[in-house]
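Step one of this worksheet: look at the structure below.
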Amino acid sequence: MRWSHVCAAAALASALLAEVASADVSVAVTYLRQEVERPPVLSGLDPVPEDLGLAGAELAQRDNVSTGRFLGHDYSLEVVSVAPGGDLLDAARQALAASPLLLVEAPAADLLAVADLAEAQGALIINVAAGEATLRGADCRANVLHVAPEMGMKADALMQVLQGRRWTDTVMIVGPTAADRALAAEYRRAAAKFGIRIRAEKDWTFDTDLRESTWAEMPRFTQDLPDHHVLLVADAADDFARYVLHNTWRPRPVAGGTGLVADSWAPVVEAWGAAQLQRRFERAAGRKMRGADFDAWTAIRALGEAVTRTGAADPAALRAYLLSPDFALDVFKGRPASFRPWNGQLRQPMAVANDRALVLMAPVEGFLHRVNELDTLGTDEPESACRAFVR
Amino acid sequence: MRNAAAALILALSAATAAAAGEIWVTNEKDNTISVIDADSLEVVRTIRTGKRPRGILFSRDFSRVYVCASDSDAVQVIDPATGEILHDLPSGEDPETFFLHPDDRHLYIANEDDAITTVVDVVARRVVAQIDVGIEPEGMAVSHDGRIAVTTSETTNMAHWIDTATHRLFANTLVDSRPRHARFTADDAELWVSSEIGGTVTVFDTATQTEKAKIRFAIPGVHADLIQPVGFEFTPDGTTAFVALGPANHVAVVNARSFAVEGYIVVGRRVWHMAFSPDYRRLFTTNGVSGDVTVIDVAKREAIRSVKVGRFPWGAAMRPVKGAG
């Protein structure tokens, strides 16, 4: 009897009508990108895809639309890309006038400038690219959440794995750019945190075409380094690291810029349902999913999940839900992701992998934490200098 | 004295195991099925399948076994007596799990990569309907009265309620993150849905499709994030449910009336799905990471044996064997 009533009611309504859909909700998001001049790199093998990051956001947009159609929730994604030297702040103002939900792919200083616009107060900005610790610390902003991992989360994951293997003696080659030096600083900090020794460091000084001289040059360059378990390479732009592997004086594994690499995602992640996400991404983008793609995917999915659960589209309600303990996003890495309420950083497992297989999804078992083991990766609450998040 | 008595009881129970049977386990990374004798607890046969076998179930009279060969994009029909693959059914892409309608004729298949539920007529061997559902459909159930089919979608996080007469959705209900498995209770009054990442089992009132209860789990010494409910089964009297908790390496025992968790049983690593022996005295769980099957004494609620099978055991189904022993 009751069943037939249900059927009759369903026949009157749309076949896709869902009980949780109370009112139609419209969710507009802008993906704001500041294009940057990338430094030249030695190899031409792996050009940075033009749709890096963006392709992940577009896939997540389709995921959200698919969920939204059952709930009467409508999603749109606008992409605004500002050429190098272009007026990012003007583009940001226009985007914020259209919608208070903004993904930003930009260097740290640009991200802060956008966040500090008068028009951005009360908006919800998600950082999908910048990894600087200061953005999560002294320079944190209440209107900015970080889905892009703090650089230290990756460095900590790598050092946890080295410690888990008891490969505690390392040496490090540091590239010449400011980004390389910042990365090296993160490796030093993380190494100290997890009891890894960096016995010596060398600055990368080559300016020859290494594609034809690594066989002779690299062993000489690494010959005077003290013995070690692992050779770390700080090479932020993926410039020279690939020429270090298998060309060293001592037969040692390489980690950091090549060899064993920590990132939010890797094409070799396949457990925890990840194979499905990899397939969906590859079908849509025609290439493998990288960390930056995954970060943008996660940001759009996090917004979608918050809309789905709250039925709201205003930034205050979404922010409150995202920072609440109720928010748990499946990110295909075996544990749910959530936001750290003290600085707005997404906590999530980090993939530590080589080119062919995942070595471990950090955190490594045994690194304990009183709240959440994921908080062994990156700046933890007691060390955080962020004061913008009132708890 | 006590040993002799125990031996006698053992001998008796073996002799009186009128309902002899087999447990069929799909090995996801071996492209095989391991057939376990439910009494001797030995693997008695290994049967080749298509690529990445996951969901497995038998026809009503147990004369056919259906297997989702996910990476072969097919549901395979196998003669359980010979192990011979008789034919493939059109299944849509990447079939992961399915459920046989009580009419014994219509298979409801979750096509994980396509956000579709496919309905296949197993006699005519053709697709009867395809229904758009959420992203990554996985769990699949049909009510015992045959009127409702439910698909759960892992990324959309919903149970999609399908009217089997019209093949149209009539409700979509949110559940916690990454729903994996769905079953109606024997009286069809409730639908249970497990959420792997959410860490819960949601109990719906079937008549209203509203949430009636939410079951949560807590195991001392196991981080909450690792408690990931996946497969579950009810005892035939409907009083108890056994819930596999994935990487927590435990099976929860749930009172199906009060929804209270009554205990936890340690099993192998990353426990997925389970099947009862024909007499319901034993429960067999597939443990994906440790590559074995844990045998649970249902009355005592404890593990009594593990049986090594192939790589990544995933699905499990029971087949009674007449005249065995």
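The values are calculated or read from the model by the stated rules, or taken from the named source; none is laboratory data. None of these values were measured; they are calculated from a predicted model. Because the Cβ atoms are built from the backbone with ideal geometry, glycine has one as well, and the counts that use them run over all protein chains shown.
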When residues of the stretch B:138-150 are limited to those that are under 23 Å from B:PRO236 (Cα atoms) and in a strand (DSSP E or B), the one nearest to the other protein chains (Cβ to nearest Cβ) | B:ILE148
State all residues of the stretch A:43-76 that are of a type in the set (D, E, K, R), out of contact with any helix residue (DSSP H, G or I) (no Cβ under 9 Å at 6 or more places or on another chain) and surrounded by fewer than 16 Cβ atoms within 10 Å (Cβ to Cβ); if no residue qualifies, say none.
-> A:GLU50
Matching strands (runs of 3 or more DSSP E) fully within the stretch B:29-79 where at least 1 residues are out of contact with any Asp or Glu (no Cβ under 7 Å at 6 or more places or on another chain) and not aliphatic (A, V, I, L, M) = B:32-37, B:43-48, B:53-58, B:65-69
If you take the residues of the stretch A:246-293 that are away from chain B (no Cβ under 14 Å) and in a helix (DSSP H, G or I), which of them is surrounded by the fewest Cβ atoms within 10 Å (Cβ to Cβ)?
-> A:ALA285
Looking only at the stretch B:101-134, and only at residues there that are hydroxyl-bearing (Ser, Thr, Tyr) and in contact (Cβ under 8 Å) with a residue 40 or more places away in the chain, the one that is nearest to the other protein chains (Cβ to nearest Cβ) = B:THR117
Quick check: is even one residue across the stretch A:384-391 within 23 Å of A:ALA155 (Cβ to Cβ), outside the structural domain of A:VAL29 (by TED's automatic domain parsing) and touching a Ser or Thr at 6+ places or on another chain (Cβ under 8 Å)?
-> no
Mind listing just one residue for me: the one in the stretch B:206-220 that is away from chain A (no Cβ under 11 Å), assigned to a loop (DSSP other than H, G, I, E, B) and modelled with pLDDT of 95 or more and, of those, farthest from B:ALA159 (Cα to Cα)?
-> B:ILE219
By residue number, the members of the stretch B:216-247 that are of a type in the set (Val, Ile, Thr) and farther than 22 Å from A:ASP326 by Cα are B:THR235, B:THR239, B:THR240, B:VAL243
Has the stretch B:196-205 got at least one residue that is surrounded by fewer than 17 Cβ atoms within 10 Å (Cβ to Cβ) and either within 26 Å of B:HIS106 (Cβ to Cβ) or more than 8 Å from chain A (Cβ to nearest Cβ) (or both)?
-> yes
Residue tally, condition in a strand (DSSP E or B) and not hydrophobic (A, V, I, L, M, F, W, C), over the stretch B:268-285 = 3
Does the stretch B:221-241 hold any residues that are part of a loop (DSSP other than H, G, I, E, B) and within 20 Å of the chain's Cα centre (by Cα), and which are they?
-> B:ILE227, B:GLN228, B:PRO229, B:VAL230, B:GLY231, B:THR235, B:PRO236, B:ASP237, B:GLY238, B:THR239
Sole miss for A:GLU365 among (1) in contact with a Phe, Trp or Tyr (Cβ under 8 Å, 6 or more places away or on another chain); (2) under 26 Å from A:PRO253 (Cβ atoms); (3) in a loop (DSSP other than H, G, I, E, B) is condition (1)
Looking only at the stretch A:298-341, which residues are over 18 Å from A:ALA57 (Cβ atoms), crowded, with 24+ Cβ neighbours inside 10 Å and facing chain B (nearest Cβ under 9 Å)?
-> A:ARG335, A:PRO336
Looking at B:SER258, is it at pLDDT 95 or above, on the phi < 0 side of the Ramachandran plot and crowded, with 17+ Cβ neighbours inside 10 Å?
-> no
Answer yes if at least one residue in the stretch B:175-192 is assigned to a strand (DSSP E or B) and β-branched (Val, Ile, Thr), and no otherwise.
-> no
Check A:SER213 against each of (1) hydroxyl-bearing (Ser, Thr, Tyr); (2) closer than 23 Å to A:GLY152 by Cβ; (3) more than 22 Å from the chain's Cα centre (by Cα) and name the one condition it does not meet.
-> (2)
Just for the stretch A:141-155: of the residues that are under 13 Å from the mean Cα position of the chain (by Cα) and not small (Gly, Ala, Ser), which one is nearest to A:LEU377 (Cα to Cα)?
-> A:MET153
Can you spot a residue in the stretch A:86-102 that is more than 14 Å from chain B (Cβ to nearest Cβ), exposed (fewer than 14 other Cβ atoms within 10 Å of the Cβ) and modelled with pLDDT under 95?
-> no
Looking only at the stretch B:163-195, which residues are at the interface with chain A (Cβ under 8 Å from one of its Cβ atoms) and charged (D, E, K, R)?
-> B:ASP163, B:ARG168, B:ASP176, B:ARG178
Taking the condition modelled with pLDDT of 95 or more, under 30 Å from A:ALA234 (Cα atoms) and outside any helix (DSSP H, G or I), does A:ALA55 pass?
-> no
Per the filter on the stretch B:46-70, residues surrounded by fewer than 16 Cβ atoms within 10 Å (Cβ to Cβ) and not small (Gly, Ala, Ser) are B:THR46, B:ARG48, B:LYS51, B:ARG60, B:ASP61
Would you mind stating whether B:SER290 is of a type in the set (Ser, Thr, Tyr), assigned to a loop (DSSP other than H, G, I, E, B) and more than 24 Å from B:ARG54 (Cβ to Cβ)?
-> no
